[in-house]
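J.: Quick one: the structure is below, questions incoming.
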Amino acid sequence: MPQTSLYLKAFPPPEGHIVILTGAGISQESGLETFRDTGGIWSKVRIEDVATPEAFARDPARVHAFYNMRRTKHHAEAISPNAAHIALARLEQEWPGRDLTDFLYQS
């Protein structure tokens, strides 16, 4: 297959639609915990205990504590954008008028 064909698929023309496919690794590189990796969040706490309507009905304080802890970690000084985040911001700047809200995220 010619490289030109691959290039065109990777970089659609400006009038084309952009879809970003990403996963947990994009934020893990910035220092955020993933959910399913070894040592990830779900290895430390059961999803059924903090991330379901039933969990909230049983123990709303625990659910709030879990999400407050997550928010606190997201604002830590050690967390900062990585190369992927910077590239997405650059893409948004270089192709003005694009709404980069079409992210497909698999964690």
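Just so it is clear, none of the values below were taken in a lab; they were calculated from the coordinates. Every value quoted in this text rests on a predicted model; they were computed, and no experiment measured them. Cβ sites come from the backbone with ideal geometry, for glycine too, and all protein chains shown count toward neighbours.
J.: Going through region 66-79 one residue at a time, which ones are out of contact with any Asp or Glu (no Cβ under 8 Å at 6 or more places or on another chain), surrounded by 10 or more Cβ atoms within 10 Å (Cβ to Cβ) and within 13 Å of residue 32 (Cβ to Cβ)?
T.: Once the filter is applied, which keeps residues that are out of contact with any Asp or Glu (no Cβ under 8 Å at 6 or more places or on another chain), surrounded by 10 or more Cβ atoms within 10 Å (Cβ to Cβ) and within 13 Å of residue 32 (Cβ to Cβ), region 66-79 yields 69, 70, 74, 76, 79.
J.: Additional query: In region 19-34, is there at least one residue being within 30 Å of residue 89 (Cα to Cα), among the charged types (D, E, K, R) and either in a loop (DSSP other than H, G, I, E, B) or under 18 Å from the mean Cα position of the chain (by Cα) (or both)?
T.: yes
J.: Within region 42-65, can one find any residue that is surrounded by 13 or more Cβ atoms within 10 Å (Cβ to Cβ) and basic (Lys, Arg)?
T.: yes
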